[in-house]
């Protein structure tokens, strides 16, 4: 039989801290028995709406909403697992879940678990994966100091500076990698500040590394042709190969491919297919006339049922492994990544003579300066540009009949040289 379960959030206006805030309490009632626990959230008495049990400030109210949902989910979980739940059992469980870590790595574990759950909800593990690497680097740094963990109150500015130096000297990490690790460390410290474990950030003066100029990795036209000509035996690898080729010919990123539906596909009056879609990242509409090869790939997948995406792509993490495996099978020198397809589209389109304005529209860039970053200046491109310049100059000279005749020039030079020689000889002999 299901028990009666109620919660009531309230404040004690008689217990106000020196900073003018008071704790928000939660009264749990199950089958007529009550217990009270603190939420760990504070607000000004003037910001508390007793009738609705909410805080008028949005940030704190979001935390209160998350706590309320946690209580309800914990109640459902205990009831499902044990079949019975009491107010005291629920309180003890919530208190354990809601305990505030005072140690750095301990807080990192709690935050990582939150990000793991979040990654499942949004179907993207990139943030969780990067945060897990940063947490591992913090662990190794502490172990190099002979420590298993460190209290937030023991962290000083020297700690942040030494961590950055450790990343640069021991592992020779790049600036972007170091900055991501520093961001994770700052994130954990600010969580501790938010939960009143710390009053300020002790490493706020530790500067981030200077950002390196963006380097858009792309594949050459020859390598793209090799990928086109080499089908995969495995069905999933073949799907990823085709998706990579499609992105290389349209400039669509993985998330835009993942959310590409039949209603994004249209046809011009001349019968040519195109894609018109708002990019997930920039919220800018991209308009992409389809290359004939891209049309052929598109026709192999869903173009009618708008309840399903066009391409049944696996999750991003699986894409990462699959595309890397394809690169190994092709014998490519550098590791292949899916986003290289988008960079390749921008670079190859510029090399083919398309205007930057057209490419910006096709790639859905919010700023044309982003498009200019795809103009990779390689030795091959410089050589090709010079060849085109010389060809245009030669064509122009031929049209205006100004092509120099090297034979006549040589004859004139020789005739002039002989005339001057004869003149000098006459002067020396006294002949007129």
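The values are calculated or read from the model by the stated rules, or taken from the named source; none is laboratory data. On a predicted model such as this, the values are computed, not experimentally measured, just so you know. With ideal geometry, Cβ positions are generated from the backbone for all residues, glycine too; neighbour counts draw on all protein chains shown.
Going residue by residue through segment 3-16, is there one that turns out to be out of contact with any strand residue (DSSP E or B) (no Cβ under 7 Å at 6 or more places or on another chain), within 30 Å of residue 79 (Cα to Cα) and part of a strand (DSSP E or B)?
no
Does segment 36-44 contain any residue that is exposed (fewer than 15 other Cβ atoms within 10 Å of the Cβ), touching a strand residue (DSSP E or B) at 6+ places or on another chain (Cβ under 6 Å) and either closer than 25 Å to residue 86 by Cα or at pLDDT 90 or above (or both)?
There is at least one residue in segment 36-44 that is exposed (fewer than 15 other Cβ atoms within 10 Å of the Cβ), touching a strand residue (DSSP E or B) at 6+ places or on another chain (Cβ under 6 Å) and either closer than 25 Å to residue 86 by Cα or at pLDDT 90 or above (or both).
Being over 22 Å from residue 132 (Cβ atoms), out of contact with any strand residue (DSSP E or B) (no Cβ under 8 Å at 6 or more places or on another chain), in contact (Cβ under 8 Å) with a residue 12 or more places away in the chain and surrounded by 15 or more Cβ atoms within 10 Å (Cβ to Cβ) narrows it down to one residue among 90, 79, 105; which is it?
Numbers: 90 fails: out of contact with any strand residue (DSSP E or B) (no Cβ under 8 Å at 6 or more places or on another chain); 105 fails: over 22 Å from residue 132 (Cβ atoms).
Unique residue meeting the criteria: 79.
Anything in segment 284-307 that is under 13 Å from residue 259 (Cα atoms) and without any contact (Cβ under 8 Å) to a residue 12 or more places away in the chain? List them, or say none.
Of everything in segment 284-307, just one residue is under 13 Å from residue 259 (Cα atoms) and without any contact (Cβ under 8 Å) to a residue 12 or more places away in the chain, namely 307.
Would you mention how many residues in segment 40-83 are in a loop (DSSP other than H, G, I, E, B) and farther than 25 Å from residue 4 by Cα?
Adding up the residues that qualify gives 3.
Looking at segment 117-149 only, could you name the residues that are surrounded by 13 or more Cβ atoms within 10 Å (Cβ to Cβ), modelled with pLDDT under 85 and assigned to a helix (DSSP H, G or I)?
118, 119
Inspect segment 204-216 for any residue being within 30 Å of residue 306 (Cα to Cα) and surrounded by 15 or more Cβ atoms within 10 Å (Cβ to Cβ) and give the result as yes or no. Give the steps one after another, and end with the answer.
Just the residues of segment 204-216 that are within 30 Å of residue 306 (Cα to Cα), to begin with: none.
Scanning segment 204-216, I find no residue that is within 30 Å of residue 306 (Cα to Cα) and surrounded by 15 or more Cβ atoms within 10 Å (Cβ to Cβ), so the answer is no.
Please state which of the following conditions residue 229 fails to meet, knowing it meets all the rest: (1) within 17 Å of residue 154 (Cα to Cα); (2) at pLDDT 85 or above; (3) loosely packed, with under 11 Cβ neighbours inside 10 Å.
Evaluating residue 229 over (1) within 17 Å of residue 154 (Cα to Cα); (2) at pLDDT 85 or above; (3) loosely packed, with under 11 Cβ neighbours inside 10 Å leaves (1) as the failure.
So how many residues does segment 1-20 have that are more than 40 Å from the chain's Cα centre (by Cα) and closer than 17 Å to residue 95 by Cα?
2
Scan segment 150-187 for residues that are crowded, with 18+ Cβ neighbours inside 10 Å, assigned to a loop (DSSP other than H, G, I, E, B) and modelled with pLDDT of 90 or more and report the count.
Selection size over segment 150-187: 1.
Can you find even one residue in segment 21-39 that is farther than 22 Å from residue 95 by Cα and in a strand (DSSP E or B)? So that I can check it myself, show each step before the final result.
Initially, segment 21-39 is screened for residues farther than 22 Å from residue 95 by Cα, giving none.
Looking through segment 21-39, none of the residues is farther than 22 Å from residue 95 by Cα and in a strand (DSSP E or B).
Inspect segment 214-224 for any residue being free of Cβ contacts under 8 Å to residues at least 60 places away in the same chain and under 19 Å from the mean Cα position of the chain (by Cα) and give the result as yes or no.
Yes, segment 214-224 has at least one match.
Within segment 329-349, is there a residue that is farther than 18 Å from residue 250 by Cα, surrounded by fewer than 20 Cβ atoms within 10 Å (Cβ to Cβ), within 21 Å of the chain's Cα centre (by Cα) and free of Cβ contacts under 8 Å to residues at least 40 places away in the same chain?
Within segment 329-349 (the criterion being farther than 18 Å from residue 250 by Cα, surrounded by fewer than 20 Cβ atoms within 10 Å (Cβ to Cβ), within 21 Å of the chain's Cα centre (by Cα) and free of Cβ contacts under 8 Å to residues at least 40 places away in the same chain), the answer is yes, since at least one residue qualifies.
Would you confirm, using the coordinates I've provided, whether residue 240 is assigned to a helix (DSSP H, G or I), more than 21 Å from residue 318 (Cα to Cα) and touching a helix residue (DSSP H, G or I) at 6+ places or on another chain (Cβ under 9 Å)? Break it down stepwise before answering.
On the way: assigned to a helix (DSSP H, G or I): yes; more than 21 Å from residue 318 (Cα to Cα): no; touching a helix residue (DSSP H, G or I) at 6+ places or on another chain (Cβ under 9 Å): yes.
Against the criterion (assigned to a helix (DSSP H, G or I), more than 21 Å from residue 318 (Cα to Cα) and touching a helix residue (DSSP H, G or I) at 6+ places or on another chain (Cβ under 9 Å)), residue 240 does not qualify.
When segment 262-279 is examined, which residues are found to be in a loop (DSSP other than H, G, I, E, B) and crowded, with 16+ Cβ neighbours inside 10 Å?
The first filter runs over segment 262-279 and keeps only residues in a loop (DSSP other than H, G, I, E, B), leaving 268-272, 279.
Result: 279, single match.
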